[in-house]
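Data block below; observations after.
The values are calculated or read from the model by the stated rules, or taken from the named source; none is laboratory data. None of the values given here were measured: they were computed from a predicted structure. Don't worry about glycine lacking a Cβ; one is built from the backbone with ideal geometry, like all the others, and counts go over all protein chains shown.
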Amino acid sequence: MNIEWWLLVIIIVGAILIGAVAGFFISRAWFKRYLEKNPPVNEAMIREMMRQMGRTPSEKQVRQILASMNQYKTTK
């Protein structure tokens with residue numbers, strides 16, 4: 001089977017493009033599902049965790065915890 005070299009190049013480039021597009025959509029769907037199962041921490045979650053530990057958090061404490069968590073996320 002004798003395939004022209006330019007046809008082989010077009011097939012390889014096409015396969016790479018199709019793989020990139022498919023990879024994008026697959027990873028996007030996986031990431032959306034991951035965020036649904038593991039939502040990011042918000043103020044309401046922090047308040048509820050502190051209530052479960054037997055503490056009534058002040059607004060200042062909630063903001064401090066949220067700021068420290070956000071600081072850790074951006075540095076990592």
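Only one residue in Arg28, Arg47 is charged (D, E, K, R), free of Cβ contacts under 8 Å to residues at least 40 places away in the same chain and outside the structural domain of Pro57 (by TED's automatic domain parsing), so which one is that? Residue meeting the stated conditions: Arg28.
So which residues in region 1-30 are of a type outside the set (Val, Ile, Thr) and modelled with pLDDT under 95? Within region 1-30, Met1, Asn2, Glu4, Trp5, Trp6, Leu7, Leu8 qualify.
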